[in-house]
1. Report those strands (runs of 3 or more DSSP E) wholly inside segment 196-251 carrying at least 3 residues which are aliphatic (A, V, I, L, M).
2. Do the conditions hold for Glu260, that is, is it open to solvent by 30 Å² or more (accessible area, probe 1.4 Å), in a helix (DSSP H, G or I) and not assigned by the TED database to the domain that holds Ala332?
3. Within segment 346-367, does at least one residue satisfy the condition of being closer than 20 Å to Thr208 by Cβ, assigned by the TED database to the domain that holds Thr225 and among the charged types (D, E, K, R)?
4. Go through segment 189-212 and report how many residues are open to solvent by less than 30 Å² (accessible area, probe 1.4 Å) and not polar (S, T, N, Q).
5. Among the candidates Glu247, Glu264, which residue alone is at negative phi and either touching an Asp or Glu at 6+ places or on another chain (Cβ under 6 Å) or touching a residue at least 24 places away in the same chain (Cβ under 8 Å) (or both)?
6. All but one of (1) touching a residue at least 24 places away in the same chain (Cβ under 8 Å); (2) open to solvent by less than 40 Å² (accessible area, probe 1.4 Å) hold for Lys289, so report the exception by its number.
7. Can you tell me how many residues in segment 157-209 are within 42 Å of the chain's Cα centre (by Cα) and either on the phi > 0 side of the Ramachandran plot or touching a residue at least 40 places away in the same chain (Cβ under 8 Å) (or both)?
8. Provide a single number: the residues in segment 390-404 that are under 47 Å from the mean Cα position of the chain (by Cα) and closer than 16 Å to Leu361 by Cβ.
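The values are calculated or read from the model by the stated rules, or taken from the named source; none is laboratory data. Predicted model only: the values in this text are computed from it and were never measured. Quick reminder, even Gly has a Cβ in these numbers, built from the backbone with ideal geometry, and neighbours come from all protein chains shown. Just the protein is used for accessible areas: all its heavy atoms, side chains included, with ligands, DNA and RNA removed. Shrake-Rupley method; radii C 1.70, N 1.55, O 1.52, S 1.80 Å.
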Amino acid sequence: MAHLRLLLSHSRRHPQPHRLLSLLHFSSDASSSSAPRPPPIKPVSYAPKPQQEAPPEEPAAPPPAPEADRGPQSPLPRRPQQQMPPREWTRQDMRFVKDAAPVISPVSYPSKVAPLPEDRPAGGQADGAPDEGLRGEGERIQMDAARATRSIFGVQVEEEQVPYPTIIPVVKRPQKVAIDLVDAIRQLKASTNEKKRNFVETVEAHVTLGVDPRRGDQMVRGALTLPHGTGKTVRVAVFAEGPAADEARAAGADVVGGDELIEEIRKGGGKLSFDKCIATPMFMPRLSKVARILGPRGLMPNPKLGSVTNDVSGAVKAAKSGRVDFKIDKTAIVHVGLGKVNFSEESLRENIGAFVHALLLAKPVGLKKTSKYVGYVKKFTLSSTMGPGFPITIPSLSVAADHYNKVQVS
C-alpha cells in the first residue's frame, strides 16, 4: 500500500504516462522475478591489423540505424580503422633486417678544373677573384729571401747556405787474407822499420778460440817458457823464509821477503816493484791480505801456473829466462807477447811454435766436436805493439808447432 500511495502522489504532480509505465515496470520487477531478462551481450572480435600492406579502401558505411529499428540481437557497427603512417627505419632495425636498408643514391660533384692561361683575362684575375695560389707562392719566396739575410746591429749579413744532409754509405774495410807464418813475420818487421819508434816494439799474438768462457769446463789458461825469451827484463818477487829465501836470492830473484813484504805491498798504495810473483805453499794463506791488489794485475801465485812451488830456484830461473802466462778473457781471446821485433825470423818462429804447442796442451776436455785445430783455434793474428795485424793460416801454425815439438824431444 505504501508503494501505491507513492505512485498516485507522483502521478498527480507529474502527469506523464511513459514515466509512469517505467515505474510500474520497476515495481513489478521488484514484486515478481518471473519477468523476462535483457539479452546477454556477445563479445566482439576484430580482424588482425595488417603490418605493411595498407588495407583496401572500404565503401563508406551507412549511418547507424536508430535504436528503435535495431533488434535486440544485432551487434554494434564496426568503426573504420585509421591507416597508420609507415614507420621510418632506425639504425638498430637495419642491423637485424637484411636488404631492408634504404637505397642511397651516389652523389657526384662537379670536377674542378684549373683555368688555362689562355682562359684567364688580361688583368690576371678570373671572374673577379684574386689568384690566391700565386699570391701565396710569392709570399713564400719573399719569406725565403728574408731568411737568407739577417741584420746584426743594422748591418745586413747573408747567412751561409748549408746543403741538405745526405746519407753517407758505410765503406767496409776489405778483410785481410790469411798468409803464411814466415811471410807474416817478414811483413811485420818491414812495417815496423817504416815507422821508427822511440822503443822496441813487442811482437804480440791474438788468438780467437771457439770456447765459451762462461763455462768452467772450457777455461783456457797455461804457462810456457819461450825458447828465446821475451826480450825484456823481468823482475821477480819471492815470498819465502829461511833456506827457500836463500835459494831465491842465489837464483837471481829481485825481491825476497816474508810478512814484511806482504805489509809493504798492503801499505804501498798499489805501487809494485816486480813483474812476477813466486811463493812457497806455506805463504799462500798469508797472501789473502794482498789478494785484492795482486789478483786484478795477474800477479797472484797459482799452483796451476807453477808459481807456487817448493823448488824456488827453478821457478826463478824459468821466470827470468822468459816464462809467459796466458789466459782467455771474457770475449774468448788470448793476448800474449812472444818477443821483440829485433829478434831474428827463426827466433820468432820458434817462440810462436812453442806458444801454439802450449795452447794445444791447454785445450779443455769439455770442448767436443772439434779436431786438433778446427773448431778450437778460429783466428790467429800476429801484430806489433803499434802496427797492423796479419792473420796467419792454420797449416803454417801446425808446421811451427810440430817443429818445436821435435826439437824438444830431441
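1. Per the criteria, 202-209, 236-239.
2. yes
3. yes
4. Final tally of qualifying residues: 7.
5. Glu247
6. The one condition Lys289 does not meet is (2).
7. Matching residues across segment 157-209 total 10.
8. Our first condition is that a residue be under 47 Å from the mean Cα position of the chain (by Cα); within segment 390-404, this holds for 390-398, 401.
Those still in the list that are closer than 16 Å to Leu361 by Cβ too: 397-398, 401.
Here the count works out to 3.
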